[in-house]
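Colleague: Take a look at this one; I'll ask things after.
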Amino acid sequence: MRIVKESVNWALRYIGKRNETLHETALAVAENMAKSDSNAARWIASDAIRELTSEAIVKRLGIAKND
């Protein structure tokens with residue numbers, strides 16, 4: 001199970017880093033997953049949200065950060 005959880009996490013994060021459109025979609029998926037009853041889904045979501053909203057990723061993609 002751990003390998004699957006980590007694989008989903010990596011996929012979501014790397015898809016979200018490709019361009020602004022995919023970033024928005026991956027972030028929406030992660031936010032939806034965060035509402036899940038599954039501990040694994042919530043872990044994946046929190047890690048993906050943390051990375052996809054990091055200053056470095058937002059800056060690299062040229063996305064205006066809403067504070």
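Colleague: Given 0.36 nm per residue, what is the gain on full extension from THR53 to ASN19 after removing their alpha carbon distance, in nm?
Modeller: Extra length from THR53 to ASN19 when fully extended: 10.9 nm.
Colleague: Distance in nm between label sites at ASN32 and VAL4, each 7 Å beyond Cα in the beta-carbon direction?
Modeller: 1.9
Colleague: Any idea which of ALA48, ILE3, SER38 is furthest toward the positive side of the dipole for the range 2-61, if Lys and Arg beta-carbons carry +1 and Asp and Glu beta-carbons -1?
Modeller: ILE3
Colleague: If you don't mind, there's one more thing I want to ask. Using only the alpha-carbon atoms of the chain, report the extent along each of the three principal axes, biggest first, to the nearest angstrom.
Modeller: So the three principal-axis extents are 35, 22, 17 Å.
Colleague: Ranking request for peptides 43-56, 18-31: highest mean number of other beta-carbon atoms within 10 Å first, then the rest in descending order.
Modeller: The packing order, highest mean first, is 43-56, 18-31.
Colleague: Here's something else I'd like to know. Among LYS59, LYS17, rank each residue by its count of other Cβ atoms within 10 Å, from fewest to most, as a rough exposure measure.
Modeller: LYS59, LYS17
Any read-out appearing in this document is the output of simple, stated calculations on the displayed coordinates, not a laboratory observation. These numbers were taken from a predicted model, which means no experiment stands behind them. Note: ideal-geometry Cβ built from the backbone for every residue, glycine included; neighbour counts use all protein chains shown.
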